[in-house]
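The numbers here are math on the coordinates, done by the rules we state, and not lab data. These numbers were taken from a predicted model, which means no experiment stands behind them. A quick note on method: Cβ atoms are made from the backbone with ideal geometry, for glycine too, and the neighbour counts reach across all protein chains shown.
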Amino acid sequence: MITFSTQPSLLRVTLLIAFSVSLGGCQLMAKKASEDSDSIKIVDKEHSSYGNYYLWIKSLNNDELIAEIDKQQLKQSSGNQAAEYNLLLLHSLPNSPIHNPYIAKEKLNKQTSPQHFNVADLAFIVMLKDQLNQQLLILNRLIDKDKTNTESQKQLEVQQQSIEQLEQRTKKLQQQIIQLKNIERSINDHGTPL
């Protein structure tokens, strides 16, 4: 038969063992969670990593931009998906040596898949797409105006040549008129023998 004096000590030992086991398990779980956080990147649902990257590259000088372009192209060649987006942003940056809104828009159309972005990045990508569309529209209008200007310039040159030719013909005709008047005066002065 168990007496009251042994029951509390047995209960204490059992509780102590259970507490030790659960404390050890918690420490192992915490260690495993910290190891996992080093290898798994948690997506920030509120902040745009692409927006931050764009702001950062916007602050770079030309030499730093060239170095960043080289770095991202190297990453892209090894299949890094983030480098694809970073190069897209470098193509859309106005002061970038590789600025080309046509290429940026083409890459954006190929890459955009909404489920790969957090809300802030998706908003940034949609805004970038709208901006590139506007920029391409303006560029196309400028190209059309430039073509029209070039055509007008060619027409103006043709008209200028025609005017010069007409002035030369007028000058020759005036010289012929003067010669004819001189001949007529000479005839009138000397008279015509009959």
- Note on the structure: So, with points 7 Å from each Cα along the Cβ direction, the R169-I17 label distance in nm works out to 12.2
- What is the pair-distance distribution P(r) of the range 79-194, computed from all Cα-Cα distances in 10 Å bins starting at 0, with each bin given as a whole percent? 11, 23, 14, 10, 9, 8, 7, 7, 6, 4, 2, 0
- For I138 and Q76, compute 0.36 nm times the residue count separating them, minus their Cα-Cα distance, and round to one decimal in nm. 19.3 nm
- Which entries of K75/K107; K105/K154; K107/K129; K71/K107; K58/K107 show an alpha-carbon separation above 22 angstrom in the structure shown? K105/K154
- Hey, rough spin-label estimate for L55 and S186, points 7 angstrom out along Cα→Cβ, what's it come to in nanometres? 9.2
- So, with +1 on the Cβ of K and R and -1 on the Cβ of D and E, and no other charges, what is the size of the charge dipole of the range 49-142 about its Cα centre, to the nearest 20 debye? 260
- Task: At 0.36 nm per residue, minus the direct Cα-Cα distance, what do E64 and T150 gain on full extension? Give it in nm, one decimal, please.
- Result: 27.2 nm
- Express in nm, to one decimal, how much length is gained between Q111 and I178 on full extension, taking 0.36 nm for each residue of separation and deducting their alpha carbon distance. 16.2 nm
- Kirkwood hydrodynamic radius (Cα pairs, Å) of the range 49-142? 13.6
